[in-house]
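What follows draws every value from the coordinates through simple rules; no lab data is involved. These figures come from a predicted structure and were not determined experimentally. Every residue, glycine among them, receives a Cβ derived from its backbone with ideal geometry; neighbour counts consider all protein chains shown.
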Amino acid sequence: MTDLRHTQPDAPPPVAPGTPPILQLQGICKYFPGVIANQDVSLDIAPGEIHALLGENGAGKSTLMNVVTGIYQPDGGEIILDGYGQSFAAPQDAIRAGIGMVHQHFKLVPAFTVAENIHLGWRETPFRASAKTLEARTRALSDRFGFSVRPDAIVADLSAGEQQRVEILRVLARQARLLILDEPTAVLTPAETRDLFRALRAFRAQGNAVILISHKLDEVIDISDRISILRAGRNVGTYRTADCTAAGLATIMVGREIVRRDLRARTPGAAPIATTPVLSLRGATCRDPRGVETLRDVTLNLHGGEILGIAGVAGNGQRELTQVLTGMMPLSAGNILLDGTQAPLADPAAFARAGIGHIPEDRLRSGLAPSLDITDNMALREYDRPPIGRHGLYDRSAAGRLAQTIVEAAEVRVPDLATPIRNLSGGNQQRLVARREIRIASRVLVAAYPSRGLDIGAIATVLRYLTELRDQGVAVVLVSEDLEELLNVADRIGVLFHGRLMATIDAATADMETIGLLMGGRPAPSGSAHSGGQA
Amino acid sequence: MAGTLQRQPTVTPARRLGWRAGAVVTALAITTLFLALSGRDPRLLADLVVRSTVGSRFGLEDLALFLTPLLLTGAAVTVTGRIGVWNIGAEGQFYAGAIGATAVGLFLPGPSWLVLPLMAASGIACGMGWILVPALARAYAGVNEIITTLLLNFVAGLLTTYLAVGPWHDRVTGALASTGRLPVRIPEIWGVVHWGFPIALAIVLALAWLTTRTRWGYQITIGGANEQAARYAGIPVRARILGVMLLSGGLAALAGMFEVAGTVHRLQGGLANNFGYFGIVVAVLARGSCLNVLPAALLMAFILNAGIVLQTQQLTSSAVLAITGLVLFMIAIADELAHYRPVTVRPTTTRPATGAEARP
């Protein structure tokens with residue numbers, strides 16, 4: 001793809017020598033109490049380029065973009081637009097100057113139509129704004145910028161990819177010349193990603209610029225012209241993409257060599273795979289409130305000292321499987337056996353007491369209480385046992401000591417244990433939840449998408465947690481949509497399709513193609529898999 | 001370039017308190033201004049208010065009498081708030097408690113050491129009964145508790161009036177619209193202040209301990225902060241909602257029992273005096289902390305007491321409500337403003353910077 005770029009019609013336009021960069025940052029500094037978010041960051045974005053911004057979680061990418069878009073004021077340095085110094089007192093100033101940002105979490109009104117969202121808070125919205133006018137204007141914008149949207153659709157009914165198109169179109173409609181995208185592909189399917197990239201190239205071809213924040217190295221290499229890497233708030237280098245390799249970028253980003261070991265290898269002295277299963281499902285079936293089967297006749301065994309990977313396209317029963325395995329959801333049919341005996345039904349506290357930890361899919365929504373402090377959140381699994389919970393009491397100082405232990409084990413720097421947990425970055429939240437669950441997971445750990453939204457360094461840390469736990473003889477279930485991760489870490493991989501466990505295959509001999517076929521609901525070619533979910 | 005304001009995610013308690021003090025002072029200043037504009041002497045009125053609230057023994061006794069029900073109804077609304085539920089029905093549960101207590105007091109003769117606890121028990125049971133249906137509906141069917149608890153207030157208020165002028169009407173002395181005087185009363189400890197006051201104080205302190213230092217309190221805090229996380233941790237959220245709402249109903253009912261047995265000594269229409277609704281105000285001011293109920297209720301009691309004094313000076317009772325509203329409004333503004341801190345934008349050069357030489 002990369003080598004073809006210059007022959008494509010939407011290649012970057014030739015830029016006259018001496019044309020000033022669209023955006024130039026000179027020595028930007030931004031400090032928060034006790035934290036250097038950005039230190040002396042200089043960067044320039046030329047017209048007609050897609051500039052990728054790489055960095056680990058907490059490297060200062062978001063802060064820098066918040067400075068550029070006028071949400072924060074820099075504590076030092078200059079923002080230069082088209083050669084002229086600028087300061088943005090508010091986001092509106094940045095929008096007026098042609099800088100548009102598409103956030104990771106969309107800022108759309110779910111109950112409004114696409115056309116209404118596009119026209120919300122826009123100077124050029126006609127005074128008499130009938131639905132018909134707005135939709136016609138939206139259709140015109142959609143044609144002009146090449147982002148196809150349905151103007152009369154309600155935003156809440158749209159897929160994440162469609163919502164993102166609305167968001168981008170909204171920014172483009174306000175004459176943005178510099179488009180900033182924060183993790184745009186995190187919510188997209190591969191096909192939607194291709195569409196997005198095609199549109200971004202078209203946008204670039206008109207002499208505009210794009211700043212793309214991403215963790216996915218392959219994508220960055222595919223789409224960008226230049227790459228800047230932030231580490232600990234500083235710009236550690238800007239490179240031409242053509243000169244970069246994924247491994248090289250990862251090393252610079254993390255600031256250390258990433259050792260890509262085969263994570264299946266056991267350390268000496270590791271617990272062997274147990275012969276009797278610790279947790280088993282027998283014909284497990286779940287129905288949703290409408291009576292639709294979300295999990296169908298799943299039979300599997302979890303053995304101590306082994307990692308079972310669960311692959312599948314999201315929404316094929318992964319959520320139900322993790323909730324059944326952690327006692328959060330009752331079964332409509334079938335059995336769940338803990339050490340060979342019937343487990344208490346749908347009692348997550350009993351499962352936790354039995355040594356089953358759970359890293360939930362959506363940590364902020366279901367694993368944490370965002371408004372409460374770190375201490376209260378870290379006590380969530382152990383509040384009912386000594387030393388925190390004696391005689392029906394809640395010992396805050398014991399909870400504080402537990403929180404301190406978890407924070408240290410997770411190697412997370414926090415200003416103060418009384419900080420609301422929502423003020424921590426997503427990566428730090430995930431590390432804390434992982435550590436909290438590992439503490440109680442004496443027998444089983446169910447981890448749902450533990451690396452989602454994390455950077456390479458944090459992913460490696462979380463995966464290391466899982467393999468360490470495996471080596472201690474704990475059974476680990478790893479639900480992931482990243483096949484490479486599953487193939488690296490898991491011992492066996494189960495594939496879910498429409499709530500059915502299609503097959504459980506040996507990860508050492510599995511290949512992407514077989515798993516891909518199973519994920520699409522087709523039976524695996526004989527020989528490479530045991531069929532029928534007889535795990 | 002001028003300075004600009006930035007919103008901070010968290011506020012220190014001291015900072016919030018400072019802003020709130022400013023808000024109360026502003027509200028009082030506005031009140032004073034309007035009093036002066038309507039031709040009254042604000043200094044005279046202020047003097048009168050201080051003398052008849054904190055500046056004299058009678059004033060302090062009245063303050064304590066106002067404080068007693070406010071502490072309990074404020075605590076009632078605060079505890080439900082901790083699990084994310086709004087009990088707007090403290091007024092109704094207050095009436096239910098008064099009715100339950102009166103029934104025992106009027107029709108069960110006996111020594112007061114026996115009858116008073118029975119009145120309290122009966123009142124609390126009635127208050128819990130009054131909130132039982134909204135609580136069950138909220139916990140198990142997700143029915144919005146704000147509507148159900150609110151509407152039951154009118155039922156309870158009218159039921160009280162009906163009992164006071166109907167079946168339980170005092171036919172002996174022919175009093176206008178109330179039952180006869182109860183044969184037992186809560187003993188006084190200081191002037192007209194009865195034992196209900198220290199008991200209410202103790203209850204609020206106990207609740208503060210219960211909500212922050214016990215397993216039950218922790219479960220409620222988690223359930224209120226994120227119900228999904230509570231379910232994930234295996235906390236029985238429904239049972240806790242039910243329990244907290246019943247506790248809340250019981251607290252408001254106890255306030256009703258104290259009022260009827262300690263202050264008014266008879267059941268009459270309008271007995272609750274909006275104490276249930278003022279409990280919501282107290283809870284809003286307390287921001288979910290039972291300990292904060294103490295100063296919040298004190299402020300509310302002061303305003304109510306001052307209002308009575310102002311009424312003797314030909315101000316209508318609506319003026320008191322208006323002042324309460326003004327104080328709340330100012331505090332709401334102050335709470336939000338406390339988040340903002342000024343930041344200065346560094347002046348940037350307007351001369352063309354690097355790279356501009358090539359511009360045409």
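The table for this structure:
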{"read-out": "Nitroxide proxy distance, nm - points 7 Å out along Cα→Cβ at residue B:125 and residue B:337", "value": "5.2"}
{"read-out": "Check: chain A dipole with +1 on Lys, Arg Cβ and -1 on Asp, Glu Cβ, in debye", "value": "660"}
{"read-out": "For region B:249-325 versus region A:199-231, the gap between their alpha-carbon centres in whole angstrom", "value": "62"}
{"read-out": "Positive-pole candidate from B:296, B:84, B:30, dipole of chain B, charges at beta carbon", "value": "B:84"}
{"read-out": "Nearest 10 degrees, 0 to 90: helix B:112-141 Cα axis against chain B principal axis", "value": "50"}
{"read-out": "Distance between region B:47-72 and region B:81-157 - C-alpha centres, whole angstrom", "value": "27"}
{"read-out": "Rounded to 10°, Cα long-axis angle of helix A:190-205 versus longest principal axis of chain A", "value": "20"}
{"read-out": "Placed amide H near residue B:189: partners under 5 Å, 5+ positions off or other chain", "value": "B:194, B:195"}
{"read-out": "Residues whose placed amide H lies under 5 Å from that of residue A:502, excluding near-sequence neighbours", "value": "A:495, A:496, A:497"}
{"read-out": "Helix A:426-440 axis, angle to chain A major axis (alpha carbon atoms, nearest 10°)", "value": "0"}
{"read-out": "Efficiency of FRET from Cβ geometry, residue B:56 and residue B:34, R₀ 25 Å, rounded to 0.05", "value": "0.45"}
{"read-out": "Highest-fluctuation residue, B:154, B:275, B:302 considered, GNM on chain B with Cα pairs under 10 Å", "value": "B:154"}
{"read-out": "Size of electric dipole in the protein assembly as shown: Cβ of Lys, Arg +1 and of Asp, Glu -1, about Cα centre, debye, nearest 20", "value": "1340"}
{"read-out": "Neighbourhood charge, 10 Å Cβ-Cβ cut-off, centred on residue A:24 and excluding it, Lys, Arg +1 and Asp, Glu -1", "value": "-3"}
{"read-out": "Ordering of B:94-101, A:143-150, B:64-71, A:294-301 by burial proxy (mean other Cβ atoms within 10 Å per residue, highest first)", "value": "B:94-101, B:64-71, A:294-301, A:143-150"}
{"read-out": "HN-Hα J in Hz across region A:221-238 - Karplus 6.51, -1.76, 1.60, θ = phi - 60°, x for Gly and Pro", "value": "5, 5, 9, 8, 9, 9, 10, 10, 10, 9, 9, 6, x, 10, 7, 8, x, 10"}
{"read-out": "Candidates B:163, B:60, B:315: whichever shows maximal mean-square fluctuation once chain B is modelled as a Gaussian network with Cα springs under 10 Å", "value": "B:315"}
{"read-out": "Chain A: C-alpha pair distances exceeding 43 Å, %", "value": "24"}
{"read-out": "Where a label projected 7 Å from the Cα of residue B:118 along Cα→Cβ would reach, residues of region B:180-213 with amide N under 12 Å", "value": "B:184"}
{"read-out": "Dipole of the protein assembly as shown [Lys/Arg +1, Asp/Glu -1 at C-beta], most positive-end residue of A:142, B:135, B:268", "value": "B:268"}
{"read-out": "Residues whose placed amide H lies under 5 Å from that of residue A:231, excluding near-sequence neighbours", "value": "A:236"}
{"read-out": "DSSP-defined antiparallel bridges as percent of all bridges, the protein assembly as shown, nearest 5", "value": "60"}
{"read-out": "Amide N of region A:213-251 lying under 14 Å from the label point, which is placed 7 angstrom from the Cα of residue A:71 along Cα→Cβ", "value": "A:213"}
{"read-out": "³J(HN,Hα), Karplus 6.51/-1.76/1.60, whole Hz, each residue of region A:459-467, x for Gly, Pro", "value": "4, 4, 4, 5, 5, 5, 3, 5, 5"}
{"read-out": "Projected label distance in nm at residue B:16 and residue A:333, using a 7 Å step from Cα toward the beta-carbon", "value": "5.3"}
{"read-out": "Table column - 3J(HN,Hα) (Hz), region A:43-49, Karplus curve with 6.51, -1.76, 1.60, x for Gly and Pro", "value": "7, 10, 10, 8, x, x, 9"}
{"read-out": "Difference of contour (0.36 nm per residue) and Cα-Cα distance, residue A:242 to residue A:267", "value": "5.1 nm"}
{"read-out": "Sites residue B:176 and residue B:141 - FRET efficiency at Förster radius 41 Å, r taken between beta-carbons, to 0.05", "value": "0.45"}
{"read-out": "Reachable lysines, given that their alpha-carbon falls under 20 Å from the alpha-carbon of residue A:216 and they are not under 8 places away in the same chain", "value": "A:61"}
{"read-out": "At R0 = 25 Å, FRET efficiency that the Cβ-Cβ distance of residue A:342 and residue A:385 yields, to 0.05", "value": "0.60"}
{"read-out": "Separation between Cα centres of region A:425-491 and region A:334-413, rounded to whole Å", "value": "16"}
{"read-out": "Charge dipole (debye, nearest 20) of region A:363-440; +1 at Cβ of Lys and Arg, -1 at Cβ of Asp and Glu", "value": "180"}
{"read-out": "Cβ-defined net charge surrounding residue A:468, 12 Å radius [Lys, Arg +1; Asp, Glu -1]", "value": "+3"}
{"read-out": "Under 17 Å from the Cα of residue A:30 - aspartates and glutamates, other chains or at least 8 residues apart", "value": "A:40, A:75, A:78"}
{"read-out": "Inter-label distance for residue A:140 and residue A:125, nm, one decimal - labels placed 7 Å from Cα along Cα-to-Cβ", "value": "1.7"}
{"read-out": "Average other protein chain Cβ within 10 Å of Cβ, residues B:218-230", "value": "6"}
{"read-out": "Residue among A:371, A:387, A:420 farthest towards the positive dipole end of region A:344-445, charges placed on Cβ", "value": "A:387"}
{"read-out": "Order of B:169, A:51, A:358 under a 10 Å beta carbon neighbour criterion, fewest first", "value": "B:169, A:51, A:358"}
